[in-house]
Structure formats: C-alpha cells, structure tokens
Amino acid sequence: MSTLLAFPGQGAQQAGMLHALPAHPLVQACLDESSAVLGQSMLELDSAQALSDTRAVQLCLLVAGVACARLLLDDSPAPDYVAGLSIGAYPAAVVAGALDFDDAVRLVALRGELMQAAYPQGYGMTAIVGLDLGRVEQLLAEAEGPVYLANINADNQVVIAGSHAAMAAVAKRARGEGAGLAKPLAVSVPSHCPLLQGPAEQLAEAFASVSLQPPNIRYLSSTTARPVMQVDKLRDDLAFNMCRIVDWRALASTAYERGVRLQIEMPPGSVLTGLGRRAFPEGTLIAWQGARLDTLQALMQEEAHRPQ
C-alpha cells in the first residue's frame with residue numbers, strides 16, 4: 001500500500017501558522033532560508049493583517065508545508081506520492097525533489113504578486129455545497145458577468161471564481177435551489193479560471209530560467225489528477241495551475257485507485273482530509289494539525305511495511 005502527502009491551497013491559511021510550527025532546527029532552517037531569499041523575515045508575513053495579501057498567504061503556505069514535511073520525513077520513509085491543491089503544488093514539488101526550495105520561494109513570491117496585481121479588488125472565490133456539478137455548471141452558463149467553475153472538490157462541493165457581483169448572483173440562485181452553503185472564501189483573486197491566463201503566462205516566462213529535476217517521489221497534478229514525472233510537463237503544471245480547474249475529487253480517486261491508503265495533510269488545517277474521505281472507503285486520512293508527530297511517523301512506517 002502507498003502513502004500520499006497532501007498540501008493545502010489558499011483559503012486554508014491561519015494567522016500565526018508559522019509561529020505555531022514546532023521549534024526544531026529543520027523548521028528554523030526553512031524559515032531562515034526563505035527569509036534570506038526574500039530579504040525579510042518570513043514571520044512578518046504571518047499576521048492577520050499581512051495575510052490579507054495574496055503573496056504573503058502563498059509564501060506562508062509554501063514554507064509551512066515544506067518545513068513540516070522535512071520534519072516528518074526526517075524519521076520516516078519517503079511517501080509514494082505528493083500532491084497539492086493550487087499553491088500546494090509548490091511545496092509538493094519541493095518535497096518531491098523536483099524544485100529547489102530557494103527557487104520555489106522566488107517563484108511563489110512572483111506568483112502571488114502577479115495574481116494580486118491582475119485583480120487587486122472586486123474578485124475572489126465562493127464555495128457552493130449541496131448542488132451537483134451539472135447544476136452549478138448550468139447556473140454558471142446562465143450567469144451575467146465574469147464567473148467560472150474553479151474547483152471540483154467533492155461530489156457536491158465546488159468552488160467558483162470571478163467578480164464579487166457575478167458570484168453573489170450565482171450563490172443566491174444556488175441557495176434558492178437547495179445549496180446548503182454558498183460562502184465566499186478567504187481568497188482575494190479569481191484563481192483557476194481563464195481570468196488568470198495572462199499572469200500564468202508571465203509566470204511561465206520566469207519558470208523558463210529555473211532548473212527543475214524529474215521528481216523522485218511521484219507527483220500528482222491537481223488539475224489532471226495524473227502523475228507528472230517529465231520536467232517540461234511539471235514546469236507547465238506549476239506555472240499554469242493558477243488558471244486551470246482544480247479537480248481534487250478526481251485526484252483523491254486516482255490516489256486511492258493507485259493503492260494509497262494513508263493520506264497525511266500538511267499544515268495548516270484539515271480541508272483536504274475532509275474532502276478525501278468519500279474517495280477513501282478504506283485507509284487513513286489524517287491532518288498534521290492536531291496530530292502528534294510520532295503518531296504520523298508511526299503511521300508512515302506501518303504503511304511502508306504493509307504487504308502490497
């Protein structure tokens with residue numbers, strides 16, 4: 001059987017999430033290294049006020065994911081797969097050995113800047129729970145203004161992206177048709193839709209000068225739900241995932257079909273743990289946050305020695 005490390009996306013951030021990381025040399029090394037690359041303390045980006053900025057959010061998610069994965073794997077076997085939702089793809093690529101951490105910090109800083117500059121206000125993302133995908137797609141087709149399908153998180157949970165006005169109109173209709181929830185997310189840009197094609201192309205230009213390596217841990221794309229092992233395809237996946245639909249429902253199913261029976265969600269939060277449960281009729285899904293490090297390491301050791 002196999003293990004997957006899953007890295008959350010924007011919206012999972014929590015004020016103080018870096019300050020809450022374990023006091024350990026491996027964690028401190030990540031904080032110091034990223035601070036040196038940025039020319040400012042990473043911990044300055046960890047406040048509620050700072051996290052109103054897309055760049056700060058994405059950098060904090062990168063550093064939290066890499067730091068905790070390094071600490072976990074310091075006394076555990078390597079996972080069989082890594083995957084990340086949106087910005088989570090970057091710590092996943094670092095942990096897989098495909099992307100240097102320093103380069104990831106630079107690219108993620110640029111990614112956040114490009115996304116924020118393209119839509120500084122008036123746009124975002126909204127979760128809709130309780131309607132099937134087909135009905136949401138119909139509502140989007142009938143909508144006025146820029147609004148698109150962005151994430152397929154589960155059978156009855158999707159995320160839309162676009163202008164606040166267009167999303168509010170779709171959300172109102174969704175609630176009228178029985179959606180249990182239609183709630184704006186803590187994301188200030190319209191990710192995973194054509195509105196970010198331009199920023200993605202600019203990020204791809206920056207990626208052209210960055211050296212990537214074939215991953216030594218299988219990397220699952222959250223947009224295709226398939227392994228990406230070739231450098232050129234990985235570069236494309238990372239650069240353009242901001243403007244492509246995320247299909248975490250399909251990724252979770254793919255992971256299970258490939259034998260994954262242990263998914264550990266890196267911090268912060270436990271969103272991906274909840275989303276994956278329906279796709280995992282057997283096995284263990286657990287989040288770093290709220291769990292003991294030795295428990296997570298024991299689970300990885302146990303899964304590594306389980307008969308195939």
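The values are calculated or read from the model by the stated rules, or taken from the named source; none is laboratory data. Just so it is clear, the structure is predicted and the values come from calculations on it, not from any experiment. Neighbour counts run over all protein chains shown; Cβ positions are idealised from the backbone, glycine included.
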Residue that is nearest to the chain's Cα centre (by Cα), among those in segment 218-233 that are surrounded by fewer than 19 Cβ atoms within 10 Å (Cβ to Cβ) and of a type outside the set (Lys, Arg): Thr224
Within segment 245-271, considering residues that are aliphatic (A, V, I, L, M) and outside any helix (DSSP H, G or I), the one surrounded by the fewest Cβ atoms within 10 Å (Cβ to Cβ): Ile245
Members of segment 12-38 that are surrounded by 22 or more Cβ atoms within 10 Å (Cβ to Cβ) and either closer than 17 Å to Ala83 by Cβ or in contact with a Ser or Thr (Cβ under 7 Å, 6 or more places away or on another chain) (or both): Ala12
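Does segment 72-102 hold any residues that are aliphatic (A, V, I, L, M) and crowded, with 22+ Cβ neighbours inside 10 Å, and which are they?
If we filter segment 72-102 for residues that are aliphatic (A, V, I, L, M), which is where we start, we get 72-73, 78, 82-83, 85, 87, 89, 92-96, 98-99.
The answer is Val82, Ala83, Leu85, Ile87, Ala89, Ala92, Ala93, Val94, Val95, Ala96, Ala98, Leu99.
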Unmet criterion (only one of (1) outside the structural domain of Ala204 (by TED's automatic domain parsing); (2) in contact with a strand residue (DSSP E or B) (Cβ under 6 Å, 6 or more places away or on another chain); (3) within 27 Å of Leu4 (Cβ to Cβ); (4) surrounded by 21 or more Cβ atoms within 10 Å (Cβ to Cβ)) for Gly162: (3)
Met242 surrounded by fewer than 20 Cβ atoms within 10 Å (Cβ to Cβ) and out of contact with any Gly (no Cβ under 8 Å at 6 or more places or on another chain): no
Some residue of segment 189-212 being more than 27 Å from Ala117 (Cα to Cα), assigned to a helix (DSSP H, G or I) and at pLDDT 95 or above: no
Any chance Leu21 is modelled with pLDDT of 95 or more and either among the basic types (Lys, Arg) or not in a loop (DSSP other than H, G, I, E, B) (or both): no
In segment 103-132, the residues that are over 26 Å from Leu45 (Cα atoms), touching an Asp or Glu at 6+ places or on another chain (Cβ under 8 Å) and either among the aliphatic types (A, V, I, L, M) or at pLDDT 95 or above (or both): Leu131
Candidate set from segment 276-306 (those that are touching a residue at least 40 places away in the same chain (Cβ under 8 Å) and outside any helix (DSSP H, G or I)); member that is farthest from Val66 (Cα to Cα): Arg306
Selected residue [farther than 27 Å from Val260 by Cα and of a type outside the set (A, V, I, L, M)] from Gly88, Gly124, Gly84, Gly97: Gly124
Residues of segment 238-276 that turn out to be under 22 Å from Val105 (Cβ atoms) and over 13 Å from the mean Cα position of the chain (by Cα), as a count: 3
Residue match in segment 169-187 (condition: crowded, with 21+ Cβ neighbours inside 10 Å and either in a loop (DSSP other than H, G, I, E, B) or at pLDDT below 95 (or both)): yes
